Structure formats: C-alpha cells, structure tokens
Amino acid sequence: MKTADIIFNKTCKVMEIILVFIFGLLVIDVLGQVFSRYILNTSFAFTEELARFSLIWMSILGAAYLNAKRLHLSMDFLYQKFSPKTRKKALIFIEICIFAFALIVMVIGGFNLVYTTLHLGQLSGTLRIPLGYIYAILPISGLLIMWFSVYHMFKINANEITE
C-alpha cells in the first residue's frame, strides 16, 4: 500500500472517531436539556449553545469526510451519457472545482473569519468561548477537502476511480 493510501486511511479513521465523539456529545447534550426541562423543570443555558457548536463542527467536518469517501451528492444524468474518456476528464474537472471551492471559500474565507473573530475578541454568549475556535473548523475542513481532492485526482489518473 502506498504512503498516500496509508495517510488517507488513517485520516479517515481519525475523522470517524472525531465525528462519533461529536455526535455522542450532541446526543448527551440534547438529552440532558430535555431531561432538565421536563423532569427538573429548569433549563441549563449552556446546552443550546453547546448543541449548536457541536452541530456546526459535525456538519462541516462530516462534509469533508463525505468528500473523502466520495459520497457527496451529485446529479449524474449528463455524466452517464459521456464516453469513458470524457468521464475521466469530467471527474478531474469536478475535483478541481471542489479544490477551488475549498481553497477560496473554506480556507481563505475561513482563516479570515477566524482571524477577524479572534482579533476582535468575540466570545460566545453563554459558554464564553472565543468564536474563532468554533469557526476554526472551516479552514481545517477546507484543507482536508483540498487534500482529498488531490488524492482523488491521482486515483482518477491511475484509473483507480472511475465513477
């Protein structure tokens, strides 16, 4: 197995563990909120914010994971009509578009957002966490998506990915 394949598989495994942990945290947080509201007749202020931040991290990191596994949504009606040679070109073009989006929107825009919120000292309302830490998942996931796109382009060129 090549080094790139080993790094890819280990990265995916770490992402799976992180996503399962975040999902578990989200479930415990929401169940705790429901329990406290309906059984204890009180409400903890931090649970809504923790659930929101957990959902943000799980969604954006989950999108990067789905990109790694090539399970993202696609409409392939037109793609299915292409010849095999044109399909290969289309797959590479799609990966270039994904790479460009991740670079421009997620990495550059995400770093700008993280820098701005940390520089301004913005804190979350209840947990008092710097919002830059919450937004840091954008450039992190963007870098992961860029790495996965490059990995997929090499696999497409080697005819190891055909669809």
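The values are calculated or read from the model by the stated rules, or taken from the named source; none is laboratory data. Predicted, not measured: the structure shown is a model, and the values here were computed from it. FYI the Cβ positions are ideal-geometry reconstructions off the backbone, even for glycines, and counts take in every protein chain you see. All accessible areas refer to the heavy atoms of the entire protein, side chains included, with ligands and DNA or RNA removed. Shrake-Rupley method; radii C 1.70, N 1.55, O 1.52, S 1.80 Å.
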Only listed residue being polar (S, T, N, Q) and closer than 30 Å to residue 156 by Cα, chosen from 47, 86: 86
Cβ pairs under 8 Å, 6+ apart, first in region 138-163 and farther than 13 Å from residue 107 by Cβ and of a type in the set (Lys, Arg), second part of a loop (DSSP other than H, G, I, E, B) and open to solvent by 10 Å² or more (accessible area, probe 1.4 Å): 155/161
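Looking only at region 71-96, which residues are touching a helix residue (DSSP H, G or I) at 6+ places or on another chain (Cβ under 7 Å) and at pLDDT 85 or above?
Restricting attention to region 71-96, the residues satisfying the condition of being touching a helix residue (DSSP H, G or I) at 6+ places or on another chain (Cβ under 7 Å) are 72, 79, 82, 87-88, 90-92, 95.
Scanning region 71-96 gives 82, 87, 88, 90, 91, 92, 95.
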Residues of region 122-163 satisfying the condition of being under 14 Å from residue 70 (Cβ atoms) and over 17 Å from the mean Cα position of the chain (by Cα): 153, 154, 155, 156, 160, 161, 162, 163
